[in-house]
Amino acid sequence: MHSSQSIRHRGFTLLELLAVIATIATLAALLLPILGKAKIKAQRTNCLSNLRQLGIAWLMYKDDNNDLLAESYPGSLDVWVKGDMSNPAEAGNANLIRQGKLYAYNQNVALYHCPADQGVQNAGKTIPTLRSYSMNCFMGARDRSVGLVPATADGYVPFYSFCYEMPRPSQLWVLLDEDERSINDGFFVTDPTAQIWFDFPATSPRRHNYSFVLVFADGHSDVWHARDPRTLKVSQNLTEQPGNIDLARLASASVTRK
């Protein structure tokens, strides 16, 4: 029988402790990228759900108005949403979202915000915003005295007033996830000649890892990934990138020729 004095409790040596710490650090290094990808995927799924529901609201609006489309131009009385996200006084004003024509069909302000959107930069500060999505500038009628928007749209349909005017609704997008460095009003301007980014969709690692969500006129939604390396360098509006395949792809899905 062993005496109590012969029983010794042995602790970790410094070498063993360092080995345990190194093992934990290695496991953490392996798991963090996986967790990061899982977070990005979850945010993208949430964003996709938001735009799908807004797309349904858009379809319900036109069904209730004899195929007339909700308007995208910010000066219109029947605009789909109000508020300029580059204006600190409006960026967090939920009433401006509620005043939009689509809100009545799904009364949830949270649907207008991408979970990966951290807000816009203003005077060196991050201003939280309530809206991350914008509408195709060719969707919805507007006063013809406004003229062409953009000026490069000569030769293209100036805008679609009714859904039946679209030759291919499944190939024309209505709403998309706009980059926080680009977003202002709810009117997303695309150059149909694909020479310049007037506005640009979400294009950053934190916004779905260089991808963005769109919803189309037939109600389906999709995730588009950046394919052209130059797209990753876009950081401000009015960036000229002729020949960019991502810009060309978005342009071809924005409007048709006359």
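The values are calculated or read from the model by the stated rules, or taken from the named source; none is laboratory data. Here the structure is a predicted model, which is why all the values come from computation and not from measurement. Positions of Cβ are backbone-derived with ideal geometry, glycine not excepted, and every protein chain shown enters the neighbour counts.
What to note about this one:
- S72 crowded, with 21+ Cβ neighbours inside 10 Å, of a type in the set (S, T, N, Q) and touching a residue at least 60 places away in the same chain (Cβ under 8 Å): yes
- Remark: V174 matches the filter, which requires a residue to be in contact with a Gly (Cβ under 8 Å, 6 or more places away or on another chain), under 23 Å from N65 (Cα atoms) and of a type in the set (A, V, I, L, M).
- Being out of contact with any helix residue (DSSP H, G or I) (no Cβ under 8 Å at 6 or more places or on another chain), buried (at least 21 other Cβ atoms within 10 Å of the Cβ) and either of a type outside the set (A, V, I, L, M) or farther than 18 Å from T203 by Cα (or both) is a description that applies to S134.
- For first residues located in the range 89-112 and assigned to a helix (DSSP H, G or I), partners that are among the aliphatic types (A, V, I, L, M) and modelled with pLDDT under 95 and lie 6+ apart or on another chain with Cβ distances below 8 Å form the pairs A91/V120; A91/I127.
- Of all residue pairs spaced 6 or more apart or on separate chains, none has beta-carbon atoms under 9 Å together with a first member in the range 19-30 that is modelled with pLDDT of 70 or more and a second member that is in a helix (DSSP H, G or I).
- So M85, is it within 16 Å of R181 (Cα to Cα), touching a strand residue (DSSP E or B) at 6+ places or on another chain (Cβ under 7 Å) and touching a residue at least 12 places away in the same chain (Cβ under 8 Å): yes
- Applying the criterion of being β-branched (V, I, T) and surrounded by 16 or more Cβ atoms within 10 Å (Cβ to Cβ) to the residues of the range 204-225, the residue that is farthest from D117 (Cα to Cα) is V215.
- Subset of the range 220-231 [over 16 Å from D177 (Cβ atoms) and either assigned to a helix (DSSP H, G or I) or modelled with pLDDT under 95 (or both)]: P229, R230
- Within the range 156-170, the presence of at least one residue that is touching a Cys at 6+ places or on another chain (Cβ under 8 Å) and either hydroxyl-bearing (S, T, Y) or surrounded by fewer than 23 Cβ atoms within 10 Å (Cβ to Cβ) (or both) is confirmed.
- Residue list for the range 144-201, restricted to those being of a type in the set (A, V, I, L, M, F, W, C), part of a strand (DSSP E or B) and over 24 Å from N93 (Cβ atoms): F162, W173, I196, W197
- Any hit, the range 64-81, residues being part of a helix (DSSP H, G or I) and at pLDDT 95 or above: yes
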